[in-house]
């Protein structure tokens, strides 16, 4: 495994921070991180690991969420090459066909479609992601659109809610600034 980059983001919308590493292997790409967030004045810790093939197709998602005094809750999703999703061994028919996962608490997963689509400047593409809602860890489809505005800037749109935000990325596709949501405050590698 080759370390590509580690970043530290500061939350702007939700108070908190996130530490995330991007690692590349011979046959996979991995995102691993920990977010510490405050929601309704309650502290949460969310650890995650996402494995993708070299074409940036999501194949495995693991999330562990804790909010004291409750016990830790976990989510494990396997996605096969036909984009069939299983949560803890149970089929998730509503997200069958989705390629990307979107962790509702993290900017890290925006990197996945940005890298996978590799859009030319001036173009856009609609995708449907398997959205892991925070903090309940339910999974449902979420229609999204990514438009590449410049070499380092994308417009993200949630086609269901109308939410829009500009996203600035570095040359690895990792988020530098997610307007109104997150900003990178430190990095190594990349």
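The values are calculated or read from the model by the stated rules, or taken from the named source; none is laboratory data. The model shown is predicted, which means the values in this text are computed figures rather than measured ones. We place every Cβ from the backbone using ideal geometry, glycine too, and count neighbours over all the protein chains shown.
Quick notes on this structure:
- Every pair of residues 6+ apart whose Cβ atoms lie under 7 Å, when the first sits in region 108-132 and is under 12 Å from residue 155 (Cα atoms) while the second is part of a helix (DSSP H, G or I): 125/117
- Residue check, residue 37 touching a strand residue (DSSP E or B) at 6+ places or on another chain (Cβ under 9 Å), under 17 Å from residue 181 (Cα atoms) and at pLDDT below 95: no
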